[in-house]
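Student: Take a look at this one; I'll ask things after.
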Amino acid sequence: MISPIAFGLPDFPWDRIASAGERARQHSDGIVDLSIGTPVDDTPVLIQQALIKSANAPGYPTAAGLPQLRDAWVHWAKRSTNAHLSVDDVCPLLGSKELVAWLPILFGLNATSIVAIPELAYPTYAVGALMAGASYVTYTDAQSIPDNASLIWVNTPSNPTGQVLNAQELRDIVERGRALGAPIVSDECYIELGWEAEPISVLHPDVCGNDLTGLLAVHSLSKRSNLAGYRSGAVMGDPALIAAIVSLRKHAGMLMPFPIQHASIAALGDDDHVHKQKEIYRARRAVLQPALVAAGFVISHSEAGLYLWATRGDNCLVTVNELAQIGILVAPGDFYGPAGDNHVRMALTATDERIQAAASRLMASAR
Ligand SMILES: Cc1ncc(COP(=O)(O)O)c(C=O)c1O
């Protein structure tokens, strides 16, 4: 008798806001959906062209990816995070979610293993632990990581809170993980979107002291290059851990299609589109943030990343339903852990026109 893993996993929580979505869709000027962080701006043309140019791809790609792609990540990491890496320290991914979900299995975790995840976190860290049959515990700082942790997830800048960990906080977590012999994996997929704080990578020399042992950083092209539909990211760091990941991904057939590899090389070689996209998000944030404050919200953290993490002091579902009345759909904070009970998460990934509509409705509703 088989027992599919999927049946033991939590349901996708979005069903819980289905009725709020229905309500928001009835607004005379249409819904403003800020509940999911999916990019809405075009994929830059130079990336589309690189994809088209490499459409002829009869052979199999390798799990390790093209050396030119790994090299492009090495150069990107040097420019964007000051990490000193070589091509053997990088493995391309089919988007970062793939690694987040599968890493506990790739590392051989099992029913005796404990995965430490941030108190408020992207749900896939917990799902990955459960897929491996392991358990997870939440932590708030290095001291609260339990002695029996087998793997430690870090997420800076954070989804959902936008919190950025500073170099000392990261050093403390690295020290704790190394003392426990637990790999520290830092999900840094929003690292290029700092607003009021400068995000720093776990692989920055000020954090790791140029010693990659036990450390991995996970990156993504989804948000910085409007490439979520292509599925492209990378994991980088300790070459021994990377070799283990590449080896199992080879067996499991997790191979990045050649056209996506070439598109990713083009994306990583161009910083211009990233700066332009960042300014677009900065402008949307500048429209939404004061409107939220005028409507009685307090914005917590949100110093980086693609979300505003906001509260009016009420339970998150009360706020979700109130905002649905004015046609705005947001994510309840408890999707990300019980500590998010009184917050909602609003994505900046809507068109300028929709963000402006949300701001106007919030201002009009100011209480
Ligand atoms: C914190 C975090 N990690 C990973 C991902 C997955 O991104 P992708 O698989 O598109 O790289 C997301 C997506 O929203 C995220 O918020």
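The values are calculated or read from the model by the stated rules, or taken from the named source; none is laboratory data. Since the model is a prediction, treat every value here as computed from it, not as a measurement. Virtual Cβ from ideal backbone geometry, glycine too; neighbours counted across all protein chains shown. Surface areas here come from the heavy atoms of the whole protein model, side chains and all, with no ligands, DNA or RNA. Shrake-Rupley method; radii C 1.70, N 1.55, O 1.52, S 1.80 Å.
Student: Anyone know which of P338, P44, P123 comes out most mobile in the 10 Å Cα GNM of the chain?
Tutor: P338
Student: Something else about it: Compute the Rg to Rh ratio over segment 77-184 from the alpha carbon atoms, using the Kirkwood formula for Rh, and round to two decimal places. Let's see the in-between values first.
Tutor: Values: Rg = 13.9 Å, Rh = 14.6 Å.
Ratio value, two decimals: 0.95.
Student: Hey, another quick one. Counting only pairs 8 or more residues apart or on different chains, how many lysine pairs in the chain have their Cα atoms under 26 Å apart?
Tutor: So the count works out to 13.
Student: In µm²/s, what is D for segment 53-270 at 10 °C and 1.306 mPa s, where D = kT/(6 pi eta Rh) by Stokes-Einstein and Rh is the Kirkwood radius from Cα pairs? It would help to have the intermediate numbers written out before the result.
Tutor: Details: Rh = 17.2 Å.
It diffuses with D of about 92 µm²/s by this estimate.
Student: Summarise the accessible area of segment 180-219 (1.4 Å probe, protein heavy atoms) by the percent that is carbon and sulfur. Don't skip to the answer; put the middle values down first.
Tutor: Numbers: 520 of 1190 Å².
Reported share for carbon and sulfur atoms: 43 percent.
Student: May I pose another question? Report, largest value first, the span of the C-alpha coordinates of the chain along each principal axis, in whole Å.
Tutor: 56, 51, 50
Student: Could I ask something else about it? How many Å² of accessible area per residue for segment 53-270, probe 1.4 Å? Intermediate results must be reported in sequence, preceding the final value.
Tutor: On the way: 8070 Å² over 218 residues.
Counting only protein heavy atoms, the per-residue value for segment 53-270 is 37 Å².
Student: Which value, in Å² and to the nearest 10, is the accessible area of D314 when all protein chains are kept and the probe is 1.4 Å?
Tutor: 50
Student: Treating only the Cβ of Lys, Arg, Asp and Glu as charged (+1, +1, -1, -1), what charge dipole size does the chain show about its Cα centre? Round to the nearest 20 debye.
Tutor: Details: 26 positive and 36 negative charges, 133 e Å.
About 640 debye.
Student: Looking at segment 175-228, which GluC sites (Glu not before Pro) are in a loop (DSSP not H, G, I, E or B) and have at most 12 other Cβ atoms within 10 Å?
Tutor: Numbers: sites: E175, E188, E192, E196; in loops: E188, E192, E196.
Of the GluC sites (Glu not before Pro), the ones in loops of segment 175-228 whose Cβ has at most 12 other Cβ atoms within 10 Å are E196.
Student: Tally Lys and Arg at +1 and Asp and Glu at -1 over the other residues with C-beta under 14 Å from the C-beta of Y281: what net charge comes out?
Tutor: My count for the surroundings of Y281 gives +2.
Student: I'd like the antiparallel share, as a percent to the nearest 5, of DSSP beta bridges with both residues in segment 14-153. Working shown, then result.
Tutor: Values: 0 of 8 bridges.
Bridges in segment 14-153 that DSSP calls antiparallel: roughly 0 percent.
Student: Which of the listed residues, A266, L106, A83, is farthest toward the dipole's positive end in segment 53-270, when Lys, Arg count +1 and Asp, Glu count -1 at the beta-carbon?
Tutor: A266
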